[in-house]
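One structure is given below, encoded as structure tokens.
The values are calculated or read from the model by the stated rules, or taken from the named source; none is laboratory data. Note that the structure is predicted; figures quoted are calculated from it, not measured. Using ideal geometry, Cβ is built from the backbone for each residue, glycine included, and neighbour counts are taken over all protein chains shown. Only protein heavy atoms, including side chains, enter the accessible area calculation; ligands, DNA and RNA are left aside. Shrake-Rupley method; radii C 1.70, N 1.55, O 1.52, S 1.80 Å.
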Amino acid sequence: MELGIYTFAETTPDPSTGRTVSPQQRLADLLEEIELADELGLDVFGVGEHHRPEFAVSAPAVVLAAAAARTERIRLTSAVSVLSSDDPVRVFQDFATLDLLSGGRAEIMAGRGSFIESFPLFGYDLQDYDELFSEKLELLLALRESEHVHWSGRHRAALDGQGVYPRPAQDPLPVWVAVGGTPQSVLRAGALGLPMALAIIGGQPERFAPFAELHRRAASEYGHETPALSINSHGFIADTSQAAADEAFVAHKVVMDRIGRERGWPPMTRAQFDAGAGLHGANFVGSPQQVIEKVLFQHEIFGHQRFLVQFSVGTMPHASIMRSIELFGTEVAPVVRREIDRREAGSASAAA
């Protein structure tokens with residue numbers, strides 16, 4: 001299993017101090033976090049795209065290009081690129097450039113976006129939300145397939161054989177589809193044979209098992225080999241479970257309550273947060289041993305090939321995030337990898 005981290009690079013006030021780091025400082029901290037993840041042998045680091053004042057990254061490829069110069073092996077992905085409100089030609093060019101700079105380590109995680117600010121910002125109508133994504137994903141896949149593309153759609157000027165450059169080092173450049181649990185999105189990813197990143201940030205993970213099966217079944221029905229599955233969730237690791245929960249809850253509540261005011265959710269309680277950190281909850285908050293048990297528990301449910309955790313849900317001290325990454329890389333990852341290797345070897349022996 002590939003293990004990694006993703007972030008939205010929050011610039012909200014630190015709940016413990018009231019201080020808000022500048023975007024410049026947050027990006028400097030983020031590069032240190034990516035560099036540490038690479039040094040510890042983690043597999044993937046993802047950076048999200050947002051167009052709101054509380055996040056520092058609106059251009060993931062730029063940040064990841066800076067990270068490429070400071071890392072050696074970790075894969076670098078958007079998490080996500082809001083493809084619906086972007087130009088697929090430019091997205092492809094940006095990540096092809098990143099791929100060349102990083103020596104073939106770039107990926108695109110394409111999604112429709114969980115916030116809406118980018119649509120009016122770039123002149124798109126929210127009524128076209130799903131059609132925009134479907135059409136632009138089609139074009140993005142055509143661009144990675146061919147240097148010269150003939151394509152037409154409703155929301156972008158047609159291409160009549162123009163060349164799109166540069167071409168990436170990887171062929172094909174990896175494209176994942178990020179979904180939040182909408183069956184139509186899952187079916188689309190499977191039908192296209194694309195790997196899927198399934199975000200589980202609330203509720204019981206077992207409830208999402210049918211989506212993993214739907215993804216695999218759709219791929220099979222359309223003649224594709226089984227595509228990879230990633231589970232993406234919130235989390236935070238500290239030396240003890242109590243320390244992890246105490247520190248993460250305050251920052252997590254600030255963010256979720258703010259979003260809740262926009263979307264009509266009630267304020268988060270500590271009891272709800274603690275329940276989410278339990279074995280059958282969505283969040284990976286706890287000691288290294290708790291996180292190990294939870295990753296392995298979910299692997300039994302999903303059989304996924306990748307797990308990404310978002311440590312900074314709300315602003316937390318840089319030192320705390322660095323410690324969380326250290327524990328993930330040194331204590332969680334080696335145990336998880338050994339156990340999954342053991343399970344897979346056992347399954348192969350049984351099949352033989």
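Could you give the Stokes-Einstein D for the chain in µm² per second, using the C-alpha Kirkwood radius, 20 °C, 1.002 mPa s?
103 µm²/s
Once amide H atoms are placed 1.01 Å from N in the peptide plane, what residues at a sequence separation of 5 or more from PHE236, or on another chain, have their amide H within under 5 Å of its amide H?
PHE284, VAL285, GLY286
Kirkwood Rh and Cα-based Rg: tell me the resulting Rg over Rh for segment 198-338, rounded to two decimals.
1.00
With every protein chain kept in the model, how would you rank TYR222, TYR129 by accessible area, 1.4 Å probe, largest at the top?
Ranking TYR222, TYR129 by accessible area, largest first, yields TYR222, TYR129.
Using a simple charge model, +1 on the beta-carbon of Lys and Arg, -1 on the beta-carbon of Asp and Glu, nothing else, what dipole does segment 290-352 show about its Cα centre, in debye to the nearest 20?
60 debye
Of the listed peptides 328-338, 173-183, what is their order by residue-averaged count of other C-beta atoms within 10 Å, with the highest listed first?
173-183, 328-338
If you place +1 on the Cβ of every Lys and Arg, -1 on the Cβ of every Asp and Glu, and leave all else neutral, what size is the dipole of segment 1-103 about its Cα centre, to the nearest 20 Debye?
200 debye
Heavy atoms only, probe 1.4 Å: what % of the accessible area of segment 108-153 goes to carbon and sulfur, would you let me know?
Roughly 48 percent, rounded to a whole number.
Per DSSP H run of n ≥ 4, the term is -39500 (n - 2.57); total these for the chain, divide by its residue number, and report the mean residue ellipticity at 222 nm rounded to 500 deg cm²/dmol.
Result for the chain: -14500 deg cm²/dmol, rounded to the nearest 500.
Where the centroid of each part is defined by its Cα atoms, how far is segment 180-201 from segment 2-24 in Å?
28 Å
What figure, in Å² to the nearest 10, do you get for the accessible area of HIS150 with a 1.4 Å probe and non-protein molecules left out?
140 Å²
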